Amino acid sequence: MSEENSNFNEFEKNDKSEQDLSTPLKVLSFCIPLAGAIIYFVKKNDEPVAAKSACNMALIGFAVGIVVRIIQYAAAGV
């Protein structure tokens, strides 16, 4: 019986590792890239797909932040 439970737990773990990051956490990672980096390091071993998604959203948010800052400086004439 315990062998069946261990196989079920393995399947459940594999299923969880293939799940993507939830939408609210994606938005958080985009708006606050530091939070995305933290989520990445917390989830990288157990949920690699979700960790990669958090990392991607954090990098995109960081890049968008830089572009917006450059546009602000250009518009201000500094």
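A compact table of results
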{"quantity": "Odd one out for Gly61, checked against (1) modelled with pLDDT of 95 or more; (2) more than 17 Å from Thr23 (Cβ to Cβ)", "calculated": "(2)"}
{"quantity": "Number of the condition not met by Ser17 [criteria: (1) modelled with pLDDT of 95 or more; (2) more than 12 Å from the chain's Cα centre (by Cα); (3) surrounded by 13 or more Cβ atoms within 10 Å (Cβ to Cβ)]", "calculated": "(1)"}
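The values are calculated or read from the model by the stated rules, or taken from the named source; none is laboratory data. This structure is a prediction, so every number in the text was calculated from the model and none was measured. A quick note on method: Cβ atoms are made from the backbone with ideal geometry, for glycine too, and the neighbour counts reach across all protein chains shown.
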